[in-house]
Amino acid sequence: MILNISIIKTLYYSIKFKMAIFVGRNVAIKLSRNSNIISIPGARLSIGLGYYSTRKALLHIGNNGTLRINGSVSIKKGAHISIQNNATLEIGDQTFVNEDSKVLIYNSCFIGSQTAISYEVLITDSDVHSFHHSSPNGNVYVGNRVWVGARSTLLKKTNIDDNSVVAAGSVVNRTFPQSVLIAGNPAQIKKYDIIWEK
């Protein structure tokens, strides 16, 4: 793993944001005026490390945008994290965002601890364009110990409580209770009282 780290970027961003930030060699970090990464003591963020992909990871934070890191967080190779102006993304301890997934935040998104975001997942809190004078933006909440399956899409107004599983290829845009398996387009509850092992 050490051979894949950009020493210069790792030192620069770790000093700039006063936390441990490990940056891979094939990573683009684009920060705007007054953008920020905030962390709890002892937090650690790795970007663009792990696995075998050659695709570039991207972290973009717009003007007054904020990324909050609440522990050890891993953003894998090929993943894109984009936090627009004045928006906030908060990620909990022992959570990872896998290869080729995209997290596009225009307002607010919370992702809890010990949560697994599989590959090619899309998470966004905005339609980007408005319809009939409605607001294009909302919020996304993903609780603790949630497993989001490959190629799933989480749209604005998504609220997934703790210990739940989102089956691969699901499209989610409403509230679900804890410990459920949800699947489909639109996603619906398929099982209750589930337990999964990370």
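A few remarks follow.
- When each of Ile91, Ile69 is tested for being in contact (Cβ under 8 Å) with a residue 40 or more places away in the chain, in a strand (DSSP E or B) and not basic (Lys, Arg), the lone residue that passes is Ile69.
- Options Asn70, Asn64, Asn4; residue that is at pLDDT 95 or above and surrounded by fewer than 18 Cβ atoms within 10 Å (Cβ to Cβ): Asn64
- Condition met for Tyr12 (surrounded by fewer than 19 Cβ atoms within 10 Å (Cβ to Cβ) and either part of a strand (DSSP E or B) or modelled with pLDDT under 95 (or both)): no
- Considering residues of segment 172-191 that are within 23 Å of Ala87 (Cα to Cα) and touching a strand residue (DSSP E or B) at 6+ places or on another chain (Cβ under 6 Å) only, the residue surrounded by the fewest Cβ atoms within 10 Å (Cβ to Cβ): Thr175
- Among the residues here, Val165 qualifies as in contact with a Leu (Cβ under 6 Å, 6 or more places away or on another chain), at pLDDT 95 or above, under 26 Å from Asn70 (Cβ atoms) and not polar (S, T, N, Q).
- Any hit, segment 128-138, residues being buried (at least 22 other Cβ atoms within 10 Å of the Cβ) and either of a type in the set (D, E, K, R) or not in a strand (DSSP E or B) (or both): no
- Residues that are within 16 Å of Thr95 (Cβ to Cβ) and of a type in the set (S, T, N, Q) were ranked within segment 159-171; the one that is surrounded by the most Cβ atoms within 10 Å (Cβ to Cβ) is Ser164.
- Of the residues making up segment 45-66, those that are touching a Lys or Arg at 6+ places or on another chain (Cβ under 7 Å) and in a loop (DSSP other than H, G, I, E, B) number 5.
- Residues being modelled with pLDDT under 95, of a type in the set (Asp, Glu) and assigned to a loop (DSSP other than H, G, I, E, B) are represented in segment 100-107 by at least one member.
- Among the residues of segment 109-127, those identified as surrounded by fewer than 20 Cβ atoms within 10 Å (Cβ to Cβ), over 12 Å from Ser152 (Cβ atoms) and at pLDDT 95 or above are Phe110, Ser113, Gln114.
The values are calculated or read from the model by the stated rules, or taken from the named source; none is laboratory data. Every value quoted in this text rests on a predicted model; they were computed, and no experiment measured them. Positions of Cβ are backbone-derived with ideal geometry, glycine not excepted, and every protein chain shown enters the neighbour counts.
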